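Okay, so here's the structure we're looking at.
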Amino acid sequence: MQKPIVPFADRSISLQELGNFSSRLTVIMEELREQMLAPHPRKSAPEYTSSQLGALCGIERAKVNYLLQKKEFLPQGIYHGGSRTRMFSLPDVQEWVRQESGIVHRPEGTPGEIVIIANFKGGSTKTTTTASLAQGLTLRGRKVLLVDLDPQASLTELCGLYVEEDINEADTVMPFIYGDETNLDYAINSTYWSNLDIIPAATSLFGAEFIIPSTVTQDPKFKFWDILNKGLQPLRQRYDYILIDTAPSLSYMTINALMSANAMIMPLVPESLDFVSSVQFWNLFSELALNFTGLDPTKRFDFINVLLSKVDNSSSSSAPVVRSWIERAYGEWVLPVEIPISSAVGSEALEFSTIYDVSKWTGSNRTLSRIRDPFDHLCKLIDDKFVVKWNQSVTNAKGAV
Ligand SMILES: Nc1ncnc2c1ncn2[C@@H]1O[C@H](COP(=O)(O)OP(=O)(O)O)[C@@H](O)[C@H]1O
Ligand SMILES: [Mg+2]
């Protein structure tokens, strides 16, 4: 039997139609968002039990109870309607950690640290790592500023801001890049998570990729890699850490972030393409950086670390082989902690959240601690490195007197 002839359908699309299509998509997306997200405030920080508070301070629960009686000035927590469990808010916990954990405070006058989280590859867990590291550091009593430089603005969303509705170009680093603002104060937003602020991103960050090169064309001596640095330096007195999340490309923005940072973490998924892409990153960056005119020859990074991330340790995975290449290539740069692949991250329960957002985890405790423990370890590792540096700076300052 002969097949019926299907009439020819013209499926070509004009740019105008593409524009209409995109507007329609936006409407659908907004409806979906309304369903997916709770109304304002979109996110709230978790509460902590006495045991959790004790663990964060590095003390036994019994000691927490003892201190509650002995030091009335410490936050006392609250009991929710009829419950016999004392609960502590995030600001309470942070106050306890600052007073009772013994974690060294950043010495007054010593500037905070700027850490960039970068990798060419999308999906290499930059944003997840940045957000988790930031939250984990605030649980060590630190004050943290996030800078979202990815036009996709996932970090901004993770911080509970509604990018499409609340964030305009004027709220991002762009007015500072254009020279319309003299500092970055206007762009700092507090978040639902105490001691965690953010300079948000929006799609319009792409504008930097046009404005910066055109300025260079007019003035070849213009230090195009130093713009962000100038904005971030004054903020180092106010924050212990400034963490920068970047787009998966070596854009002008990423170069600015790299040149303002004094340390770098490259999350790297141990898969062959990711490894190849990381090598390209270094080739390109070093080629570029060595050709910058007017570069400060004393510029150094305190450290560059590779964080193995989303590691799949199942028997069929190629991770062990790629890990050996990474170890050969990056040697001591590879951190002694790795983040395993976890069904908890990005799961429905953690949509728009990180593992530190979890208040009541419905899954198994083992699943949560398998991913949370390495993040705690990562935060401690990074923080400890800087504590050594801060102590050193105090010793040097004393020596100089
Ligand atoms: N340890 C992990 N296990 C499983 N999935 C992860 C893990 N870390 C991140 N992811 C998921 O991988 C995806 C990419 O992560 P993301 O942080 O957005 O990467 P990037 O910012 O580099 O593009 C996200 O869907 C995130 O939820
Ligand atoms: Mg990202």
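Grab the Cα-Cα distance for Asp373 and Trp333, subtract it from 0.36 nm times how many residues apart they are, and report the gain in nm with one decimal. Let's see the in-between values first.
On the way: separation 40, 0.36 × 40 = 14.40 nm, distance 2.08 nm.
Here the segment from Asp373 to Trp333 would lengthen by 12.3 nm.
Of Val321, Val27, Val216, which is the most mobile in a GNM of the chain whose springs link Cα atoms less than 10 angstrom apart?
Val27
Treat each spin label as a single point 7 Å out from the Cα along the C-beta direction, and report the Ile304 to Leu288 distance in nm.
In this crude spin-label approximation the distance works out to 1.3 nm.
Would you please give the FRET efficiency between Leu32 and Ser359, computed as 1/(1 + (r/R0)^6) with r the Cβ-Cβ distance and R0 = 30 Å, to the nearest 0.05?
E(calc), rounded to 0.05, equals 0.75.
I need the GluC sites (Glu not before Pro) found in segment 281-353, filtered to DSSP loop residues with at most 13 other beta carbons within 10 Å of theirs. Let's see the in-between values first.
Working: sites: Glu287, Glu327, Glu332, Glu338, Glu348, Glu351; in loops: Glu338, Glu351.
Loop-located and lightly packed - Glu351.
Name the trypsin sites (Lys or Arg not before Pro) in segment 192-275 that are in a loop by DSSP and that have at most 14 other C-beta atoms within 10 Å, would you?
When the trypsin sites (Lys or Arg not before Pro) of segment 192-275 are filtered for loop state and at most 14 Cβ neighbours within 10 Å, Lys221, Arg238 remain.
Could you tell me which residue out of Ile265, Ser194, Leu378 lies farthest along the dipole of the chain toward its positive end? Charges go on the beta carbon: Lys and Arg +1, Asp and Glu -1, centred on the Cα centre.
Highest projection toward the positive end goes to Leu378.
Taking square-rooted eigenvalues a ≥ b ≥ c of the alpha carbon gyration tensor, is segment 189-230 rounded, prolate or oblate, where a/c under 1.5 means rounded and, failing that, a/b exceeding b/c means prolate?
It comes out oblate by the Cα gyration axes.
Could you work out [θ]222 nm for the chain from helices alone, using -39500 (n - 2.57) per DSSP H run of at least four and dividing by all its residues? Round to the nearest 500 deg cm²/dmol.
So the helix-based figure for the chain works out to -13000 deg cm²/dmol.
Taking H placed 1.01 Å from N in the peptide plane, check which residues at least 5 places from Leu308 or on another chain put their amide H under 5 Å from its amide H.
Long-range HN contacts for Leu308: Leu268, Leu335, Ile339.
From Cα pairs below 8 angstrom and at least 6 apart in sequence, can you work out the relative contact order of segment 68-139, rounded to a whole percent?
Worked out over segment 68-139, it gives 21 percent.
Just to be sure I understand: with springs between alpha-carbon atoms less than 10 Å apart, which residue in Phe285, Phe275, Phe120 has the highest mean-square fluctuation in the Gaussian network model of the chain?
Phe285
Name the shape class, rounded, prolate or oblate, that the alpha-carbon gyration tensor gives for segment 310-401, where a ≥ b ≥ c are the square roots of its eigenvalues, rounded holds for a/c under 1.5, and otherwise prolate holds if a/b is larger than b/c and oblate otherwise.
Oblate, because a/c is 1.5 or more while a/b does not exceed b/c.
Apply the Debye scattering formula to the chain, with a single equal point scatterer on each alpha-carbon and no solvent, then give log10 I(q)/I(0) at q = 0.07, 0.13 Å⁻¹.
Relative scattering, expressed as log10 I(q)/I(0), comes to -0.38, -1.23.
Between the DSSP loop rule and a limit of at most 14 other Cβ atoms within 10 Å, which trypsin sites (Lys or Arg not before Pro) in segment 280-361 are left?
Listed in order of number, the matching sites are Lys299, Arg300, Lys360.
Give the separation of the Cα centroids, segment 276-315 to segment 12-29, in Å.
Using only Cα atoms, the two centres lie 38 Å from each other.
Using the Karplus equation 6.51 cos²θ - 1.76 cosθ + 1.60 (θ = phi - 60°), what ³J(HN,Hα) coupling, rounded to whole Hz, does each residue of segment 352-360 give in order, writing x for Gly and Pro?
With coefficients 6.51, -1.76 and 1.60, one gets 6, 9, 10, 5, 7, 7, 5, 9, 10 Hz.
Can you grab the distance from the C-alpha centre of segment 199-275 to the C-alpha centre of segment 319-338, Å, no decimals?
Between the Cα centre of segment 199-275 and that of segment 319-338, the gap is 26 Å.
In the chain, which helices (entire DSSP H runs) extend 24 Å or more along their own long axis, judged by Cα positions, while averaging at least -1.0 on the Kyte-Doolittle scale?
15-36, 272-289, 365-400
Throughout, read-outs are computed from the coordinates displayed, never taken from laboratory work. Because the structure is a prediction, the values reported are computed rather than measured. Here Cβ is always computed from backbone atoms with ideal geometry, including for glycine, and neighbour counts include all displayed protein chains.
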